[in-house]
Amino acid sequence: MSPGSSIARGRLWAASAAAALLAIGALFLLQRRSGAAADPLVVYCAHDAVYAEKILRQFEKETGVPLSIRYDTEATKSLNLVELLLREGKSPRCDVFWNNQLVGTDQLKAAGLLEPYKGPGYERIPSNYRDADGCWTGFAARLRVYIINTDRLKPEKKTDDVAALVDRALKGDLSRVAIAKPLYGTTLTQYSAMWANLGPDSLKAWHADWRRRGVREVAGNAAVKDLVAQGVCDVGLTDTDDYFEALDNGAPVSFVPFDADSFKLSDASPGVKTLCPSGPKSICIPNTVAMVRGSRHAEAAHKLIDYLLSERVQLALSASGSRQIPLGDTGKESLSSEVVMLKRYSSHSCDLQKLGDAPDRCLEWLKAEYAK
């Protein structure tokens, strides 16, 4: 064999080997890309699945980004998901957290578990409903309200409005008044706002007096709504989404916003000073969306966050059975008269970002109370 022939064969072998390596590399890259495309964006969602599912699946359809969604139970859903994220800590499974309230989201920020993101959706939300560092953004809110059964509570005089009916019902025996246990959810948000705005001593006095007078404590807001809708209770504390569910199901109900800021003293019983709402300061509780620190799908997470914060998604939630209040600019002509009314009440809301350490201190006290 000639030296030239050996060299030619060597060159041919080297070229073949290089081609094989390139093919293997291309196949490996293709497999990685294919695997990444099939690897879903993990979403933890505390908002009611009946409303959230349609929106999230529409995002999948429009973007081609597959989602793996985890919902939770009614009574403690936001608390359970927050605690799960805290347990997962630095090894997160979740990419995007859609919470149905703010207090738990702030807890995750304090623990350093959220990744800042200020996209186009962030910019259109008012500053009092978004984190200054971009760790979370609020959207699609609801109000904390008293729901009343209008068959059970009727005006005694022509000047009586719903607020007067509530005030009358809150005097004396409260066995026909319902509230969810305040250890979680929006009832905890309410208590935290009262703690911050009224002071711990006033809240503790209010809580002790209501329990002494027999208020009915139940597992969650939906249970409160059911008791009032069925006429088992005359009044309950719940949220506007639950109120509208009862209304749409034909229940004889009305509502008045709960006030977290201005209280008066009522002569509910001799020698007892009972705190009763009587002012214009509502509690407007937004949904929040945040990217979890350590997400392996940052680009897809940003897409979902911007999608949820878009005007059309907020309008879709406002048109749903829950009548969520859109945050940011939306023309009144796009909203139902019910949502326009809610939006007016929400403009007088206390700022939940200014609660400071009230949620933590309030929850610590409540856990001790219910452990007795």
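Quick look at the values:
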item	result
Members of region 295-323 found to be among the aliphatic types (A, V, I, L, M) and not in a helix (DSSP H, G or I), listed by number	309
Residue within region 206-217 that is under 25 Å from residue 353 (Cβ atoms) and under 25 Å from the mean Cα position of the chain (by Cα) present	yes
Matching option when the condition is among the basic types (Lys, Arg) and surrounded by 19 or more Cβ atoms within 10 Å (Cβ to Cβ), among 312, 293, 323	323
Residue in region 320-345 that is nearest to the chain's Cα centre (by Cα), counting only those that are small (Gly, Ala, Ser) and more than 16 Å from residue 100 (Cβ to Cβ)	328
Checklist (1) outside any strand (DSSP E or B); (2) over 17 Å from the mean Cα position of the chain (by Cα); (3) over 16 Å from residue 327 (Cβ atoms) applied to residue 147, failing item	(1)
Considering residues of region 326-372 that are modelled with pLDDT under 85 and part of a helix (DSSP H, G or I) only, the residue surrounded by the fewest Cβ atoms within 10 Å (Cβ to Cβ)	333
Members of region 167-186 found to be crowded, with 24+ Cβ neighbours inside 10 Å and in a helix (DSSP H, G or I), listed by number	185, 186
Residue match in region 108-119 (condition: under 13 Å from the mean Cα position of the chain (by Cα) and modelled with pLDDT under 95)	no
Which numbered condition residue 93 fails, given (1) surrounded by 18 or more Cβ atoms within 10 Å (Cβ to Cβ); (2) not in a helix (DSSP H, G or I)	(1)
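The values are calculated or read from the model by the stated rules, or taken from the named source; none is laboratory data. Please read these numbers as outputs of a predicted model, since none were measured by experiment. Methodologically, a virtual Cβ is constructed for each residue, glycine included, from the backbone with ideal geometry; neighbour enumeration extends over all protein chains shown.
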